[in-house]
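*Asks:* Next up is a structure, given as structure tokens.
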Amino acid sequence: MAKVRLISQTRDQHPMNCKTSRLLIFLILFTGTTLPTLAQKTLSSLNQTLRYSRYSRLSLKIIPIKVSETSYKLQLQVEKIEENPVLNTFSFTYSILDSYEEEILSDNTFILTSDDLKYDTDSHWVFEKTVEIPATTETAIALFTALDTRQGDEYYYSTDIKSSFIFDIPNFGAYYANHVGFDQNYLNVGESLLFKSDGGPTLHNFYYPISLEVPYPPMETKPAAVPRELEVIDSGDFLENIPKSFDQIGYYFIQSDTSASTGLVLKTTHEAFPKVKDWEEMVEMVTYISTRKEHEDLKAAQDKKKALDAYWIGLTRNPETAKELIREYFRQVEFANLLFTDFKEGWKTDKGMVYIVMGPPQEVNFYLDREVWSYGGTNESSRIRFTFARVKNILSPHYYTLNRSRAYQPVWFKNISIWRSGKMAF
């Protein structure tokens, strides 16, 4: 993930004054009064907004690998976004939960220390743990948490090891050259990865040379067009433990057993990704804030650069404002690519579309069957929520589609108008 500028945040470190604290202690000790019961802390109640923040200091990832029918190796990876972070300024824990509603307690939470650190590289801290999950267990979710002890910020990442939304966990892993697990959502074309498993010595890969379409806006309720045929090329076996190069743009599906319903999807992209490659791609990406005619005119233009310059200045009537608008819009595109790429480029996914137009969500909650983003409002009735329904998919255990509704139209057009005026800022 690209390094980003940190915004310092001032936090009140003393929510209660000394007099209030002494009064509460007196009530507890001498009158038997107890403090109000705190709400249960569950995976579904955690606000995971830092997962998608543009100002995060860390990025967490869990990469599970199946070792046996009951044993799973968890690679708990921390990407260092902040410059020169210090390990002991963070507190790391992991949990194995049997549902998104199970209460997170000290009994099911395990502390990770420097003794558990497997790798400490320029870009990653990597912990590794093996967990046993009974074969009869239907649902098991791994949760990885990092607490920034300087500010109290909590980072979370969770993934299903077993659930009704995944077929199975692969018994192999993909790695960078330094043997750190591959934790990106994409691989630039021409780059290589190592693959390792306890089986082997070969894996099998299929190549899909497909370019998928931009999603419909949130208020468009008709179903998106689905390709009638999907070209697939059987690329054969390749050896583990030897760097494997991926030389074509599209996506690859890698399996240890072609008769099994599990594997690893790898999206390959152009060399400039997650940034924009050229003027042609830039034209495609402005579709979210353009009218249909504007977009058609841009696509038909012979000189894309000249047409785009006129387009941006035409929106703002001010060249300096236009420069700032371009910078901000394509920064959103870059973050969407970093965060949401699956077998589609991140900016083309439903999440990427909402992220670009609406900005980073102010609240993010995960459930077994959905992910919910909340924006704005001082109370429940004034908040705008986007619900992404989870779809069981052999290619990805984290595939979501937006529940579309015509009710989104006013807020969607309002945000597009703000973008077009050059006043959008995150």
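The values are calculated or read from the model by the stated rules, or taken from the named source; none is laboratory data. No experiment lies behind these values; they were computed from the predicted model shown. Note: ideal-geometry Cβ built from the backbone for every residue, glycine included; neighbour counts use all protein chains shown. Note: areas computed on protein heavy atoms with side chains; ligands, DNA, RNA excluded. Shrake-Rupley method; radii C 1.70, N 1.55, O 1.52, S 1.80 Å.
*Asks:* Given the C-alpha centroids of segment 316-331 and segment 57-114, what is the distance between them in whole angstrom?
*Replies:* 39 Å
*Asks:* I would also like to ask the following. Taking only Cα atoms and a 10 Å spring cutoff, compute GNM fluctuations for the chain and point out the largest among L97, L239, L339.
*Replies:* Of L97, L239, L339, the most mobile in the Gaussian network model is L239.
*Asks:* Taking only C-alpha pairs under 8 Å that are 6+ residues apart, what is the relative contact order of the chain in percent?
*Replies:* Result for the chain is 15 percent.
*Asks:* Under a point spin-label approximation (7 Å from Cα along Cα-to-Cβ), what is the E284-V189 distance to one decimal in nm?
*Replies:* Going from the E284 label point to the V189 one covers 1.1 nm.
*Asks:* To continue, here is another question. Quick check on my link table: of K80/K129; K41/K414; K196/K277; K118/K392; K73/K277; K277/K351, which ones sit more than 26 Å apart, alpha carbon to alpha carbon?
*Replies:* As for pairs spanning more than 26 Å Cα to Cα, those are K41/K414; K196/K277; K118/K392; K73/K277.
*Asks:* What's the carbon and sulfur percent of the chain's accessible surface, probe 1.4 angstrom, rounded to a whole number?
*Replies:* 52 percent
*Asks:* If a/c stays under 1.5 just call it rounded; otherwise compare a/b with b/c (prolate if a/b is bigger, oblate if not). Do that for the chain, with a ≥ b ≥ c from the square roots of the Cα gyration tensor eigenvalues.
*Replies:* oblate
*Asks:* Could you give the accessible area per residue of the chain, probe 1.4 Å, as a whole number in Å²?
*Replies:* 51 Å²
*Asks:* Mean residue ellipticity at 222 nm from the helices of the chain, using -39,500 (n - 2.57) per DSSP H segment of n ≥ 4 over the full residue count, to the nearest 500 deg cm²/dmol? Working shown, then result.
*Replies:* Working: 7 runs with 86 residues, N = 426.
Helix contribution divided over all residues of the chain: -6500 deg cm²/dmol.
*Asks:* Okay, next question. Post the alpha-carbon centroid distance, segment 240-278 to segment 357-426, in whole angstrom.
*Replies:* Answer, in whole Å: 28.
*Asks:* Take the alpha carbon atoms of segment 280-304, find their center, do the same for segment 153-204, and report the distance between the two centers in whole angstrom.
*Replies:* 36 Å
*Asks:* Further question: In nm, to one decimal, how far is the modelled label at F110 from the one at A407, with both set 7 Å along Cα→Cβ?
*Replies:* 4.2 nm
*Asks:* Next question, about the same structure. Please compute the length gained on full extension between S417 and L395, using 0.36 nm multiplied by the number of residues separating them and subtracting their Cα-Cα distance.
*Replies:* Here the answer is 4.3 nm.
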